[in-house]
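Heads up, the thing below is written out as structure tokens.
The values are calculated or read from the model by the stated rules, or taken from the named source; none is laboratory data. This structure is a prediction, so every number in the text was calculated from the model and none was measured. Glycine also receives a Cβ, built like all others from the backbone with ideal geometry; neighbour counts cover every protein chain displayed.
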Amino acid sequence: MSFVYPRTIGVTRPSGPSGVGAVSYGALLPSAESAVASAVAASIQQIKAKRKLARTLPGDAANAPQWRIFFNLPNGTVAERDIITDDQGARYQIAAAYWTALGYQCLCERLEV
Amino acid sequence: MADLSDVQNALVAVTAQALYPAGTAQPSAAGVPCRVYAGWPVPASLDADLAAGITHVTVFPRDEERNTTRFPADWQTLSVTPPTLTLTVSGQTVTVGGAIAIPQNAVMLANGQPYVYALQGGDTLGGVATALAALIAVDIPGTVSSGAVVTLPADAHDLVARVGGHGVSIREIRRQVRHFQLTVWSDTPSHRDAVAQPMDVALAAMKFLTLTDGMAARLIYQGSPVSDQQQKPRLFQRDFIYSVEYATTQTADDTAITQDQLNVGVKVDGASQYDIISTTYY
């Protein structure tokens with residue numbers, strides 16, 4: 001753990017059914033994700049909560065924040081729609097995987113009900 | 001029981017058969033690889049597959065639904081499994097034969113009383129004979145077994161042996177019409193058309209789907225919108241909308257009746273209950 005990257009994340013990539021003909025159910029399932037990177041030091045920062053939740057439960061907050069997740073991996077390692085799981089078990093979908101010489105700066109949405 | 005997912009799976013199977021009539025080891029009827037499944041595409045996989053020229057066909061139930069329940073919920077026989085065990089009466093002996101399979105009941109009537117042994121996993125023919133002999137010997141001392149043969153004493157009378165099998169009953173407890181959407185996701189209009197055509201013919205030719213519970217579901221064409229709206233990301237779609245009328249069913253395991261019981265009773269005038277004075281088994 002460092003001052004700049006105080007958190008730890010793993011990155012997985014969703015995959016759909018394989019094969020031809022009748023294949024298995026199509027859905028975004030954690031069990032069908034393949035590992036891209038693990039134990040990566042990261043910084044997870046909240047940005048403005050302006051996104052409305054797609055479906056809210058009565059007890060939910062009205063808006064959902066977006067998150068920027070910074071980490072250092074080679075360019076091309078992660079892609080949009082990859083899933084980031086943080087050290088507390090929260091899952092995020094990468095909406096934009098932006099790479100600079102300092103590493104990745106990913107705009108993410110938290111995957112929650 | 002038939003459920004929404006059974007209809008979905010049946011539509012997947014029909015579509016896959018139409019696209020791969022010679023099996024998935026052979027090229028598809030459309031000439032392009034096709035994945036057919038219930039649910040929705042995973043976006044990243046769909047992007048990769050479209051780039052590779054692979055077409056997806058998805059099956060999903062739409063929200064439109066109508067309750068069309070109109071038939072009595074009477075039980076009907078769905079299947080009967082004949083007994084594999086045999087019991088043969090000869091004089092004062094009963095020979096256990098055939099093959100052990102569960103569930104089955106081995107039944108003997110002797111001196112007007114029934115003796116029922118439910119076969120257990122791991123039973124042998126000799127074990128069934130021993131179990132029956134033990135049940136009968138409680139009332140008819142001198143009943144013994146040797147191997148697969150039960151021998152009753154000479155004063156035992158009215159010997160009858162029966163084996164009861166089992167079956168499955170089914171009843172329709174609800175009926176509904178639900179719309180299902182089959183969507184072709186292709187990378188080019190020509191691939192979309194090549195995949196859609198054999199699907200269209202196969203579905204149009206099919207009036208009823210057979211579901212896993214043995215019931216038939218009525219299939220009626222509702223429409224087929226085509227969309228090129230997503231052509232910028234190389235996606236060409238065609239939907240087939242079908243209404244499917246299917247029954248929600250309930251099944252029950254049944255055991256064959258092996259003996260009847262007749263109670264004869266009297267009731268004193270003014271009393272609330274009958275007093276049973278004799279019981280006869282047949």
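The table below lists the values:
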read-out	value
Checklist (1) part of a helix (DSSP H, G or I); (2) within 30 Å of B:LEU159 (Cα to Cα) applied to B:ASP6, failing item	(2)
Members of segment B:119-141 that are within 35 Å of the chain's Cα centre (by Cα) and within 18 Å of B:VAL160 (Cβ to Cβ)	B:VAL128, B:ALA129, B:ALA131, B:LEU132, B:LEU135
Verdict on B:ALA202 being over 21 Å from B:ARG70 (Cβ atoms), modelled with pLDDT of 95 or more and not in a strand (DSSP E or B)	yes
Search result, residues across segment A:15-40 that are more than 8 Å from chain B (Cβ to nearest Cβ) and either surrounded by 17 or more Cβ atoms within 10 Å (Cβ to Cβ) or hydrophobic (A, V, I, L, M, F, W, C) (or both)	A:LEU29, A:GLU33, A:ALA35, A:VAL36, A:ALA37, A:ALA39, A:VAL40
Exclusive hit being among the hydroxyl-bearing types (Ser, Thr, Tyr), in contact (Cβ under 8 Å) with a residue 60 or more places away in the chain and within 12 Å of chain B (Cβ to nearest Cβ), set A:THR12, A:THR8, A:THR77, A:THR85	A:THR12
Any strands (runs of 3 or more DSSP E) falling wholly within segment B:209-282 and containing at least 2 residues that are touching a Phe, Trp or Tyr at 6+ places or on another chain (Cβ under 9 Å) and loosely packed, with under 13 Cβ neighbours inside 10 Å	B:216-223, B:261-266
Segment B:96-123, residues that are surrounded by fewer than 17 Cβ atoms within 10 Å (Cβ to Cβ) and polar (S, T, N, Q)	B:ASN111, B:GLN113, B:GLN120
Extreme residue, farthest from the other protein chains (Cβ to nearest Cβ), among residues of segment A:91-105 that are more than 13 Å from A:ALA37 (Cβ to Cβ) and touching a Leu at 6+ places or on another chain (Cβ under 8 Å)	A:TYR98
3 or more residues within 14 Å of chain A (Cβ to nearest Cβ): qualifying strands (runs of 3 or more DSSP E) within segment B:15-86	B:34-38, B:55-67
Within segment B:170-194, considering residues that are among the β-branched types (Val, Ile, Thr) and surrounded by 17 or more Cβ atoms within 10 Å (Cβ to Cβ), the one modelled with the lowest pLDDT	B:ILE170
Output for segment A:1-26, where each listed residue is touching a Phe, Trp or Tyr at 6+ places or on another chain (Cβ under 9 Å) and within 18 Å of B:ILE54 (Cβ to Cβ)	A:GLY16, A:PRO17, A:VAL20, A:GLY21, A:ALA22, A:VAL23, A:SER24, A:TYR25, A:GLY26
Test: residue in segment B:154-169 that is closer than 30 Å to B:ALA51 by Cβ and surrounded by 15 or more Cβ atoms within 10 Å (Cβ to Cβ)	no
Options A:ARG81, A:ARG68: the member that is surrounded by 14 or more Cβ atoms within 10 Å (Cβ to Cβ), among the basic types (Lys, Arg) and in a strand (DSSP E or B)	A:ARG68
Any hit, segment B:158-179, residues being touching an Asp or Glu at 6+ places or on another chain (Cβ under 7 Å) and not in a strand (DSSP E or B)	no
Residue under evaluation B:VAL149, criteria (1) in contact with a Leu (Cβ under 6 Å, 6 or more places away or on another chain); (2) in the same structural domain as B:THR93 (by TED's automatic domain parsing); (3) surrounded by fewer than 19 Cβ atoms within 10 Å (Cβ to Cβ), criterion not met	(1)
